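One structure is given here, and the rest of the page talks about it.
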Amino acid sequence: MNSDFPSEINQDKQELLKLYVGDLKGLKAIGKEIHSDPRTFKEKITSLGIKVPFPGSIWCKVSQHFNGRFFKPLPMWLEEVIIGSLLGDAQIRLQSKVRAHNNNPSIFEYEAVLMSISKLRKRVSEGKQMTKVEVQYWNSAIDLIKQTNTANFRLHKSILELDWINLLRKKFESFFKVTPFINKANNKTTKWTCGFDTSSSVNLFDTWKNWYFLKNNKTTKRIPILSPLTPNILLHWYIGDGYFSRGDMSICTHAFSNDEQKSLVIYLNTVGIKSTIRHKRNYRYIGISLEKENKERFFDFISRSKLYEEATKLFPYKFSNKITKSEWKKSIFNEKPEYFLQGNDIHKKLEKKMNISEK
């Protein structure tokens, strides 16, 4: 027997360890499996120095972390979709019950904990005993993980953009559980809004803490130090808040401060796109120069993005003067009238369109 093990261990305790540490089963689940009241065997686990978090909801969250539920690294292009969308009106939303704090592990530290816990669980499942060092590591990992924040990504659009929402939803479903939604809109024209929420992850919280801060006890979005501008970032920024007509090409940025808008002008200029801050009524926005060379550079740049072809088909008015936004709206009304009807059945029809009822 390993001399580092905290105490004498018998076969009964080893089997409990396999279930608790190896299989990450909670006390109630173990009790059902061995047909025993948790109060009769909890002490056998804690006698080995192993912490049993209370209440059980903490263990539930910890075990989900250890199983990798909240570790969701994304391919670079999808991270760029999020960045471009956040430059518009998309949101990263804090999901943890624990308030955001500064003691979260870095992504690298978090991943290292998961890898170490996975190796430890495998050893215990194979019947190997835990050393004092391993027990201490297990307990410290629980203390760290139970306080770890998570966040999710939300995209919320007009019902006019339902097909685009469905396209993006399917891309995110390869990495997250995605919950689509249809809501009533506070207007007389489109009547409905649509969107989706991803499940939460520590990776998205890493993004959240860069983009948000507390101001007067309210969470406020800010523009962080941005990664280099890419075609994917610009496409989703432009689709979210861009406008194009014969006399204007612009990106709505009034939600950001004047200094932030100046930084975005510089950001566009890093890829050779000329722009200026313009004023209209009581708000400012970014105007893209309509000089032929600049306009061509803009569209050539975003044409290299992953979903460019799909975007040009779904939002033709953003890429060509052959159709205006008003004409595009009318075409949606004519081709897909079910998107705008009112009545008891419409919500169910729209849910079916997004496959909500199948979730």
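Only one of 263, 245 is of a type in the set (Ser, Thr, Tyr), under 27 Å from residue 306 (Cβ atoms) and at pLDDT 95 or above; which?
Working: 245 fails: at pLDDT 95 or above.
On inspection, the qualifying residue turns out to be 263.
Which residues, taken from segment 119-136, are among the polar types (S, T, N, Q) and either loosely packed, with under 13 Cβ neighbours inside 10 Å or not in a helix (DSSP H, G or I) (or both)?
The first filter runs over segment 119-136 and keeps only residues among the polar types (S, T, N, Q), leaving 125, 129, 131, 136.
Correct list: 129, 131.
If you take just the strands (runs of 3 or more DSSP E) that sit entirely in segment 234-281, which of them hold at least 1 residues that are over 20 Å from residue 81 (Cα atoms), in contact (Cβ under 8 Å) with a residue 12 or more places away in the chain and small (Gly, Ala, Ser)? Reasoning before the result, please.
Numbers: elements: 242-244, 249-251, 275-280.
The qualifying strands (runs of 3 or more DSSP E) are 275-280.
Are there any pairs with C-beta distances below 6 angstrom linking a residue in segment 43-55 that is within 10 Å of residue 13 (Cα to Cα) to a residue that is surrounded by 16 or more Cβ atoms within 10 Å (Cβ to Cβ) and charged (D, E, K, R), with the two at least 6 apart or on different chains, and if so which?
44/13
Rundown of residues vs (1) closer than 25 Å to residue 118 by Cβ; (2) touching a residue at least 24 places away in the same chain (Cβ under 8 Å), yes/no style:
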residue	(1), (2)
24	yes, yes
29	yes, no
39	no, no
58	yes, yes
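Does residue 306 satisfy the condition of being basic (Lys, Arg), under 22 Å from residue 262 (Cβ atoms) and in the same structural domain as residue 231 (by TED's automatic domain parsing)? Talk me through it step by step, then tell me what you get.
Details: basic (Lys, Arg): yes; under 22 Å from residue 262 (Cβ atoms): no; in the same structural domain as residue 231 (by TED's automatic domain parsing): yes.
Spelling it out, it is not the case that residue 306 is basic (Lys, Arg), under 22 Å from residue 262 (Cβ atoms) and in the same structural domain as residue 231 (by TED's automatic domain parsing).
Pick out the one residue from 213, 196 that is touching a Pro at 6+ places or on another chain (Cβ under 6 Å), on the phi < 0 side of the Ramachandran plot and not in a helix (DSSP H, G or I). Write out each step before concluding.
Details: 213 fails: touching a Pro at 6+ places or on another chain (Cβ under 6 Å).
The conditions single out 196.
The values are calculated or read from the model by the stated rules, or taken from the named source; none is laboratory data. Because the structure is a prediction, the values reported are computed rather than measured. Positions of Cβ are generated from backbone atoms using ideal geometry, with glycine treated the same way; all protein chains shown enter the neighbour counts.
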